[in-house]
Amino acid sequence: MLISTQHVEDKNHGDVQPLAATHPPAAGAPPLLAERTAQSAALLEEVDVHSNADPSVFASKIKSTIFAQLGLPAPRKKCACPIPLANAPLFGDLTLAGPVSGSVDHTDNVLPPRRHADYLVSLYWQALEPQEPLLDSNRFSHAYQSLFAGRNLDCDEGVFTGMLNMVFALATQLQESVPIEQRDRASMTFFLRAWRMLRPEAILWQDGSLELVQCLLLMARYLQCTRNVHQTWMALGSALRIAQALGLHNSLSSDAEGDDDAQLRRQIWLHCLFMERYGSVSAK
């Protein structure tokens with residue numbers, strides 16, 4: 001190192017002041033080395049190292065000064081505590097502004113062609129479900145087949161349609177061969193359909209269901225990949241409260257062996273806990 005920084009105490013003020021000592025380059029050193037040495041000494045003189053005790057602030061000032069010396073544009077400021085997936089979201093911007101209308105638009109009930117729907121569902125089950133188990137394949141498949149066949153569902157059709165659109169939205173983002181802008185547009189279309197299908201009264205006034213909790217968790221999972229931190233937290237909080245109202249928090253102490261419904265309840269509650277822990281860190 002050509003530069004050493006020593007600190008001396010000002011006896012009159014009791015403050016620690018920097019003393020930059022520049023060691024001259026050895027005889028015969030290249031002119032470029034001497035020039036860089038002089039520039040480095042000037043950098044230390046320009047930076048007020050005692051303006052803030054935070055090392056990151058000091059490093060940022062050093063970087064800004066170097067950029068100024070080189071005639072480069074000032075570096076962009078970064079968040080001191082970056083939130084994973086929020087400060088660097090995976091998905092495009094998602095706007096959820098505006099009040100929710102009192103009736104569901106019939107276009108929200110439109111499903112993609114069966115072949116494309118099957119492809120997206122297959123993507124979800126192959127890539128996402130194994131990583132974070134949330135859905136029951138038998139229940140989902142039965143409702144999915146009934147919906148496309150026009151038969152009555154065993155669960156609330158609006159809630160399941162919303163959940164299915166969330167599956168479509170997440171699976172669409174897995175199509176890396178599709179341009180990013182096109183993926184974002186298609187994915188957000190599916191998300192907004194689910195957002196509008198999930199009526200406020202279904203969350204606040206009607207009895208909860210496993211499908212409702214699953215739908216809200218899928219929404220929170222999607223929102224985690226956008227800049228909508230507040231909406232992520234609210235969707236996750238709603239899922240947790242409904243899950244508690246259904247008694248899912250008691251599933252951890254029950255024997256779920258051999259009982260598919262009990263296993264699903266336990267699985268959903270564990271998913272709630274996992275996302276709540278992660279969401280509480282991201283929301284800070």
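The values are calculated or read from the model by the stated rules, or taken from the named source; none is laboratory data. Since the model is a prediction, treat every value here as computed from it, not as a measurement. So basically every Cβ, Gly included, is an ideal-geometry build from the backbone, and we count neighbours across all protein chains shown.
Residue 221 fulfils the conditions (1) outside any helix (DSSP H, G or I); (2) farther than 15 Å from residue 158 by Cβ; (3) of a type in the set (D, E, K, R) except for a single criterion, (1).
Scanning region 164-183 for residues being assigned to a helix (DSSP H, G or I) and buried (at least 18 other Cβ atoms within 10 Å of the Cβ) gives a total of 10. Of everything listed in (1) in a helix (DSSP H, G or I); (2) modelled with pLDDT of 85 or more, the single unmet condition for residue 226 is (1). Against the list (1) modelled with pLDDT of 95 or more; (2) charged (D, E, K, R); (3) exposed (fewer than 12 other Cβ atoms within 10 Å of the Cβ), the condition residue 93 fails is (1). Conditions first: (1) surrounded by 15 or more Cβ atoms within 10 Å (Cβ to Cβ); (2) part of a helix (DSSP H, G or I). Residue 141 passes all but one, so which condition is the exception? Of everything listed in (1) surrounded by 15 or more Cβ atoms within 10 Å (Cβ to Cβ); (2) part of a helix (DSSP H, G or I), residue 141 misses just condition (1). Here residue 196 meets the list (1) within 18 Å of residue 139 (Cβ to Cβ); (2) in a helix (DSSP H, G or I); (3) more than 21 Å from the chain's Cα centre (by Cα) almost entirely, failing just condition (1). When residue 196 is tested against (1) modelled with pLDDT of 90 or more; (2) in contact with a helix residue (DSSP H, G or I) (Cβ under 8 Å, 6 or more places away or on another chain); (3) of a type in the set (D, E, K, R), exactly one condition is not met: (1). Before we move on, is residue 149 more than 27 Å from residue 270 (Cβ to Cβ) and surrounded by 16 or more Cβ atoms within 10 Å (Cβ to Cβ)? Considered against the rule, which asks whether it is more than 27 Å from residue 270 (Cβ to Cβ) and surrounded by 16 or more Cβ atoms within 10 Å (Cβ to Cβ), residue 149 comes out as no. Note on region 144-163: among residues that are in a helix (DSSP H, G or I) and free of Cβ contacts under 8 Å to residues at least 24 places away in the same chain, the one that is farthest from residue 219 (Cα to Cα) is 149.
Determine which single condition residue 171 fails, assuming it passes every other condition in (1) more than 17 Å from residue 117 (Cα to Cα); (2) within 18 Å of the chain's Cα centre (by Cα). (1) is the only condition that residue 171 fails. In region 243-257 there is no residue matching the filter, namely being at pLDDT below 90, surrounded by fewer than 23 Cβ atoms within 10 Å (Cβ to Cβ) and touching a His at 6+ places or on another chain (Cβ under 9 Å). Only one of the numbered conditions (1) free of Cβ contacts under 8 Å to residues at least 12 places away in the same chain; (2) closer than 24 Å to residue 184 by Cα; (3) among the charged types (D, E, K, R) is violated by residue 221, and that is (1). In region 114-138, the qualifying residues are those that are of a type in the set (Asp, Glu) and touching a residue at least 60 places away in the same chain (Cβ under 8 Å), and the one that is surrounded by the most Cβ atoms within 10 Å (Cβ to Cβ) is 136.
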